1. What full-extension length gain, to one decimal in nm, is calculated for residue 54 and residue 73 as 0.36 nm per residue of separation minus the Cα-Cα distance?
2. Going highest first, how would you order 196-205, 77-86 by mean Cβ packing within 10 Å?
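Read-outs: derived from the displayed coordinates by stated rules, not from any lab. None of these values were measured; they are calculated from a predicted model. Don't worry about glycine lacking a Cβ; one is built from the backbone with ideal geometry, like all the others, and counts go over all protein chains shown.
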Amino acid sequence: MAEDARSRSSRLPALSGVAYVFLVFLGSAVIGGTSGAGRHSLDVADSDVSDYLRDADVTRVWVGEYVAVAGYALFVLFAAYVWSVVRGSAERDWRDGGVMGPALIYVTLALIGTACLAPVLNRTGDAVDAARFLDLRSALFAIAFLFFAMWLVGVGVRSLQTRTLPIWLGWSALVIGVLQFVGTGFASLDPGFTGVPTFAGFLWVAIVSVLLARRGQRS
């Protein structure tokens, strides 16, 4: 009975990574057709913002965003669990805050970016006022993924030192984190620069989540 409880206590936080990825993508799917150039890009015309405000299904947007927010909350649990695995020591040191700090900042900035939709969707106003908040939202998410990249790099480096994850997962975390840093720098020119590393980061989280859950089940 005690072993079953310990197994469940390790599988649940491990699987929170898969839940995070699933909820973020589900939230995007719920929003679906309500998205548009005016919702994300920093370089769109005011007319695109006006089109977005006119055509957006506000209820669907908020439902989708709430689902994604639940996913970000679960990422905090997953990030803490992954770090407890890869740190490989019961002793606390500066790297605990150095890795978990970026994870918390990533989630915080993503939540603030989501909150920027409130003055856009809940109040009527001109496109210029709405564009300011949408631009702020885009900038916050770009900065957020820089901290997500920092978390990936920290976890990758530590896992290579402790060999608590397969070597290819440690190196891939480093590569994805570096690509995220570089891609974000070019996002102002074309948001597509962040697409590949962002998707790769989500995929990495899902793979590690399943791996750690299976490891917990075997133990």
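1. This chain segment gains 3.8 nm when fully extended.
2. The peptides rank, most packed first, as 77-86, 196-205.
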